[in-house]
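Below: one structure, written as structure tokens.
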Amino acid sequence: MIITADLSGRTALITGASSGLGAHFGRLLAANGARVALGARRKDRLDALAGEIGDQAAAIAMDVAREADIVAGFDAAEAAFGPVDTVIANAGIDGAGMATEMPEEEIERTLAINLKGAILTAREAAKRMIARAVPNGRIVMIASITAFEPSPGLVAYSASKAGVVQAARSMAREWARHGINVNTISPGYIRTAINDDWFDTEPGRKQIARFPKRRLMEPDGLDGPLLFLCSDAAEFVTGADFVLDDGQTL
């Protein structure tokens, strides 16, 4: 099913855009008229994706765990396309490991990328939108159903995503009078590079079998709500979380 929205005139910055959902979001927003600044650490992959999309895409090397990189990323996006009015904070890592065995450094890295990076990305976006009086600013932060569900083996990851949901609600309240809407999408399990190996294991296959529909989601299951939240039609939606999980939490 093809879902469309008119994002003509919008400039979007997408983090974690070198693969998986981020790359999908880049193609989706560009196909609906937006100019897209594709941000991630793997510049070679970004260059390939930008080449595929065409003139309305720009590849921007950035590491969301470093504020200086985020600032430089927004500078590059503005140099390419002008003020950014739409942001998808998508960058993340899985941070898998049992709580009693996960090294401190991996916990810190998971929180730095998934939570701190998302907050810093949204904050930099808001600073610039406020300074430029950007109308109808849109920030969408990608969380996860693990923010609400007990997730053994994903303690750091689920904590980071729960933090994203609450941070987004708080930022939505802070920036509401500036016309900036901040919302989250909490997807169910979708096969991506960060979980591909797991779902090929016997425990991974058993997990899928326990879902009500006994399947993983497809990335395009997020398309409709994401396009809506990035569009002018979402004028009255802020501080909301959209759980899109194919019934996996039922």
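The values are calculated or read from the model by the stated rules, or taken from the named source; none is laboratory data. Quick caveat, the model's predicted, so the values are computed rather than measured. So basically every Cβ, Gly included, is an ideal-geometry build from the backbone, and we count neighbours across all protein chains shown. For accessibility, only protein heavy atoms count, side chains too; no ligands or nucleic acids. Shrake-Rupley method; radii C 1.70, N 1.55, O 1.52, S 1.80 Å.
Residues in the range 23-48 that are in contact with a Gly (Cβ under 6 Å, 6 or more places away or on another chain) and farther than 16 Å from residue 92 by Cβ: 36 alone.
Look at (1) modelled with pLDDT of 95 or more; (2) open to solvent by less than 40 Å² (accessible area, probe 1.4 Å); (3) closer than 23 Å to residue 191 by Cα and you find that residue 111 fails only one, number (2). Residues in the range 137-173 that are part of a helix (DSSP H, G or I) and hydroxyl-bearing (Ser, Thr, Tyr): 146, 157, 158, 160, 170.
Evaluated against (1) modelled with pLDDT of 95 or more; (2) of a type in the set (A, V, I, L, M, F, W, C); (3) more than 23 Å from residue 180 (Cβ to Cβ); (4) surrounded by fewer than 15 Cβ atoms within 10 Å (Cβ to Cβ), residue 79 falls short on exactly one condition, (3).
Residues of the range 15-43 that are in contact with a Ser or Thr (Cβ under 9 Å, 6 or more places away or on another chain), within 21 Å of residue 136 (Cβ to Cβ), open to solvent by less than 10 Å² (accessible area, probe 1.4 Å) and among the hydrophobic types (A, V, I, L, M, F, W, C): 29, 34, 36, 37.
Screening residue 231 with (1) touching a helix residue (DSSP H, G or I) at 6+ places or on another chain (Cβ under 8 Å); (2) closer than 24 Å to residue 27 by Cβ gives one miss only, at (1).
Go through the residues of the range 189-209 one by one and say whether even a single one is modelled with pLDDT of 95 or more and either closer than 26 Å to residue 104 by Cα or polar (S, T, N, Q) (or both). No, the conditions are met nowhere in the range 189-209. Quickly run through the range 5-64 and pick out the residues that are at positive phi and in a helix (DSSP H, G or I). The one that is at positive phi and in a helix (DSSP H, G or I): 20. Among the residues of the range 157-174, those that are among the small types (Gly, Ala, Ser) and open to solvent by 10 Å² or more (accessible area, probe 1.4 Å) comprise 158, 159, 162, 163, 167, 170. Can you find even one residue in the range 237-244 that is modelled with pLDDT under 95, open to solvent by less than 40 Å² (accessible area, probe 1.4 Å) and in contact with a strand residue (DSSP E or B) (Cβ under 7 Å, 6 or more places away or on another chain)? No, that holds for no residue. All conditions in (1) in a helix (DSSP H, G or I); (2) of a type in the set (A, V, I, L, M, F, W, C); (3) over 13 Å from the mean Cα position of the chain (by Cα); (4) surrounded by 15 or more Cβ atoms within 10 Å (Cβ to Cβ) hold for residue 102, with the sole exception of (1). The set of residues in the range 175-206 that are touching a residue at least 12 places away in the same chain (Cβ under 8 Å), open to solvent by 30 Å² or more (accessible area, probe 1.4 Å) and not in a loop (DSSP other than H, G, I, E, B) comprises 176, 178, 198.
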